[in-house]
Protein chains: 2
Amino acid sequence: MSEKIIHAIQDDYSDDYSWCYGCGRLNKDGLKLRTGWEGENTITYYTPKPEHTAIPGFVYGGIIGSLIDCHGTGSAALALHRKNGHEPGEGLEPPRFVTASLHVDYIKPTPQEVPLKAIGTVEEIHPKKWKIQIEVHADNHCTAKGEVIAVVMPKTFDNK
Amino acid sequence: MSEKIIHAIQDDYSDDYSWCYGCGRLNKDGLKLRTGWEGENTITYYTPKPEHTAIPGFVYGGIIGSLIDCHGTGSAALALHRKNGHEPGEGLEPPRFVTASLHVDYIKPTPQEVPLKAIGTVEEIHPKKWKIQIEVHADNHCTAKGEVIAVVMPKTFDNK
């Protein structure tokens, strides 16, 4: 499978909103998650680092939660950007979402040293509130399912 | 408030089960979360690192999810250990739990540079399955609420 997102929504966030530990392109210590379209689904790839272990051999659940979290906000940004007539890569600043809630069901242990693929299905439940259903796959097996409710970033987050 | 757990359940996990990125005492790159009793509640303290940002000034939701995740499994281990007649610090190996599901509601932005306190309430729903309700407090304000369903580690995780 392809493991590279060509046009990620995070590439187009403004610098001020690009410091997220999960998906900020300017956070040198972060995971640098990148989320793009694959048909009508949204996709993020990530290979956990060796230290991201739960029990040796298996990926830490908090990293899977982080992957689902940022995949959710990225997917919502992709979807609202598309609704507004835009695609990532055009260089236009997309809307920035934050997470209202995160849910993860851990289906089976996730093996380490395997690229993970998060696959999202996006649903608008309000113009500023989107629901994203997410499956995390390792070696073509679904090891976790998640749901994110993402909302357009409220002013309480704005330090500009 | 006290920000130090004297007897943490993670101190008594066997070496084989002490590599968790969130709470393993042997994972030098991890968060080293430590969970203990405070009366009938369970407590974990953690001050996120500067790079654990969402939007500058506020903590990344994935780190809050990780805190809730490991606080959940640690709380379940504390509770079953107590049910079996033991307390952390006695040097007896406690049961090791893994996360079946994780839910986080982000109530308000969590400020950075503040020690976070996770407070857990533990409920047995089956001898091998426990539910933990968790509040995360920053500066005495609740910024996130979580629920973890933790189960005794199944053999699918056992690499021994």
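Side notes on the structure shown:
- Among the residues of region B:63-96, the one identified as outside any loop (DSSP other than H, G, I, E, B), within 14 Å of another protein chain (Cβ to nearest Cβ) and over 11 Å from the mean Cα position of the chain (by Cα) is B:Ile63.
- Test result for A:Trp19, of a type in the set (A, V, I, L, M, F, W, C), within 14 Å of chain B (Cβ to nearest Cβ) and surrounded by fewer than 24 Cβ atoms within 10 Å (Cβ to Cβ): yes
- Among (1) free of Cβ contacts under 8 Å to residues at least 24 places away in the same chain; (2) farther than 30 Å from A:Gly74 by Cα, the one test that B:Glu51 misses: (2)
- Positions within region B:31-52 being within 7 Å of chain A (Cβ to nearest Cβ) and open to solvent by 10 Å² or more (accessible area, probe 1.4 Å), in sequence order: B:Glu51
- Residue match in region B:137-146 (condition: over 17 Å from B:Tyr45 (Cα atoms) and of a type in the set (A, V, I, L, M, F, W, C)): no
- Single residue of region A:141-160 satisfying the filter (more than 10 Å from chain B (Cβ to nearest Cβ) and part of a strand (DSSP E or B)) that is surrounded by the most Cβ atoms within 10 Å (Cβ to Cβ): A:Ala150
- Per the conditions (1) open to solvent by 50 Å² or more (accessible area, probe 1.4 Å); (2) more than 14 Å from chain A (Cβ to nearest Cβ); (3) closer than 25 Å to A:Cys70 by Cα, the sole criterion not satisfied by B:Lys117 is (1).
- Of the residues making up region B:74-112, those that are open to solvent by 10 Å² or more (accessible area, probe 1.4 Å) and among the β-branched types (Val, Ile, Thr) are B:Val98, B:Thr99, B:Ile107.
- In region A:98-114, the residues that are touching a residue at least 40 places away in the same chain (Cβ under 8 Å) and either away from every other protein chain (no Cβ under 11 Å) or not hydrophobic (A, V, I, L, M, F, W, C) (or both): A:Thr99, A:Ser101, A:His103, A:Asp105, A:Tyr106, A:Pro109, A:Thr110, A:Pro111, A:Gln112, A:Glu113, A:Val114
- Verdict on B:Pro56 being assigned to a loop (DSSP other than H, G, I, E, B) and under 15 Å from the mean Cα position of the chain (by Cα): no
- Test result for B:Ala138, farther than 25 Å from A:Thr53 by Cα, in contact (Cβ under 8 Å) with a residue 12 or more places away in the chain and open to solvent by less than 40 Å² (accessible area, probe 1.4 Å): yes
The values are calculated or read from the model by the stated rules, or taken from the named source; none is laboratory data. Given the structure is predicted, the values throughout are model-derived calculations rather than measurements. All Cβ positions, glycine included, derive from the backbone under ideal geometry; neighbour counts span all protein chains shown. For the accessible areas, the whole protein counts, side chains as well, though only heavy atoms, and no ligand, DNA or RNA atoms are used. Shrake-Rupley method; radii C 1.70, N 1.55, O 1.52, S 1.80 Å.
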